[in-house]
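Reviewing the structure listed below.
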Amino acid sequence: MNDALDALSQQLGLGLACAHERLRLAFGHACACRVEQFIEQEDVSHCLHGLGAYLDGTIGQAELAALAAQATRLANQHQGSRSLDGSGHAAVSATYAVANALAGKARQTADYAAYAAVYGQGGYGAVADRQSFEPELAWQLGCLARLATQYPQ
């Protein structure tokens with residue numbers, strides 16, 4: 001969806017399982033935080049805040065792993081949207097953004113967060129318009145570039 005972000009991710013080696021864990025987690029956290037207002041379940045928000053605590057050093061790897069498992073379970077159990085215009089899909093996408101952020105899947109997090117942001121602003125119709133994504137995609141690219149300077153490999 002975001003060719004420029006894909007190129008920067010590849011340049012940074014962000015897709016490698018063992019490389020840039022802190023950068024992947026920090027970027028995923030930033031993307032998921034941008035759509036937190038669409039999260040419907042308090043437990044999902046708790047997981048997202050737990051990722052922030054991990055990045056701050058106040059919880060450890062074991063707690064992060066438990067939160068990641070919980071976030072994945074919550075995302076997979078999400079009831080979905082009953083909204084006819086698709087705007088309810090923002091909650092689903094935001095929940096999956098959190099689950100992917102905690103799993104260290106930075107690019108997937110960015111995609112889910114972009115969909116959540118666009119669904120949240122304009123519903124299903126906005127998702128069909130590529131231009132609707134441009135502000136979020138530009139923010140994501142700038143965010144990853146900034147974080148890459150904070151978390152060099």
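Here the calculated FRET efficiency for ASP43 and GLN11, from their Cβ-Cβ distance with R0 = 30 Å, stands at 0.25, rounded to the nearest 0.05.
All other residues with a Cβ under 14 Å from the Cβ of ALA68 taken together, and with Lys, Arg as +1 and Asp, Glu as -1, what is their net charge? For residues surrounding ALA68, the net value is 0. Between ALA69 and GLN150, full extension at 0.36 nm per residue minus the direct alpha carbon distance yields a gain of 26.4 nm. Farthest towards the positive end of the charge dipole of the chain, among the residues GLN11, LEU55, GLY104, is the Cα of GLN11, using unit charges on the Cβ of Lys, Arg, Asp and Glu. Taking all protein chains together and rolling a 1.4 Å probe, HIS89 ends up with roughly 60 Å² accessible. Ligands, DNA and RNA left out, the 1.4 Å accessible surface of the chain is 51% carbon and sulfur atoms. Given the whole protein assembly as supplied and a 1.4 Å probe, what does the accessible area of TYR112 come to in Å², nearest 10? We get 80 Å² for TYR112. Using a probe of 1.4 Å, the accessible surface attributed to LEU137 totals some 10 Å² when neighbouring protein chains are kept in position.
The values are calculated or read from the model by the stated rules, or taken from the named source; none is laboratory data. This one's a predicted model, so the numbers in the text were calculated from it and none came from an experiment. Neighbour counts run over all protein chains shown; Cβ positions are idealised from the backbone, glycine included. Side chains are part of the model used for accessible areas, which takes the heavy atoms of the whole protein and leaves out ligands, DNA and RNA. Shrake-Rupley method; radii C 1.70, N 1.55, O 1.52, S 1.80 Å.
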